[in-house]
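Chemist: Questions regarding the structure given below will be posed in turn.
The values are calculated or read from the model by the stated rules, or taken from the named source; none is laboratory data. Note that the structure is a prediction, hence the values are computed from the model and not measured. Areas reflect the complete protein model, heavy atoms only, side chains present, ligands, DNA and RNA absent. Shrake-Rupley method; radii C 1.70, N 1.55, O 1.52, S 1.80 Å.
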Amino acid sequence: MRLALLVLIALSIALGLGGWSANWALDRSTEIDTVTVGPWQANPFAGAPDADPYSKARLARLGNLTLGIGEGILFTAERDGAGNALRRQCNYRLVGQTPPARIWTLVPFTPEGSLIPPGAGRNGWLTSNSLMREEDNSFAIALGPSARSGNWLATSGTGPYTLALALYDTPASASTGVGSLALPGITLETCYDR
């Protein structure tokens with residue numbers, strides 16, 4: 001009986017520490033193969049069959065589908081250009097050139113991965129085919145709870161969020177094309193909780 005109790009205690013400790021260390025490793029390994037362009041981050045090899053085991057495990061834990069290497073690349077931003085966390089109660093301005101892609105989408109998500117509901121009658125995302133551009137192909141997007149003219153992506157509620165920029169059918173999905181990519185900058189304009 002004593003031997004069975006010691007074996008049970010040893011197994012409990014091993015499984016508990018093993019699970020904790022695996023979770024810790026997944027949380028701390030986000031830098032593997034990650035490319036940073038301003039406030040945007042992407043893992044161009046996340047959808048590849050030979051992706052690193054940590055990327056595969058993170059994707060399995062989240063349950064997200066990823067774009068394959070030839071399909072495109074997903075960039076996410078959790079912070080603005082000054083390094084402050086993006087918050088739904090704040091207005092931001094995205095300014096830049098159109099990324100080289102056949103089509104792209106811009107979507108705000110909660111930290112848990114749910115689409116942020118924009119409110120009645122508003123789109124919760126922007127696509128490149130409905131974007132107003134300048135003559136030099138540059139654009140400006142207003143992002144936040146305050147309605148504005150031009151390109152506006154509405155957010156609602158309070159708390160942090162993640163902005164996802166998905167580029168489809170782009171040369172940037174290859175490992176050599178990501179480093180030279182210019183993505184829009186994110187600038188804080190106003191906040192309603194200050």
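Chemist: So which strands (runs of 3 or more DSSP E) are wholly in region 27-128 and hold at least 1 residues that are at pLDDT 80 or above and among the polar types (S, T, N, Q)?
Modeler: Those strands (runs of 3 or more DSSP E) span 40-42, 72-77, 90-97, 103-109.
Chemist: Quickly run through region 112-137 and pick out the residues that are under 19 Å from the mean Cα position of the chain (by Cα), under 14 Å from SER156 (Cα atoms) and open to solvent by 80 Å² or more (accessible area, probe 1.4 Å).
Modeler: PRO117, ASN123, TRP125
Chemist: Given the conditions (1) open to solvent by 50 Å² or more (accessible area, probe 1.4 Å); (2) more than 19 Å from THR187 (Cα to Cα), which single one is not true for THR158?
Modeler: (2)
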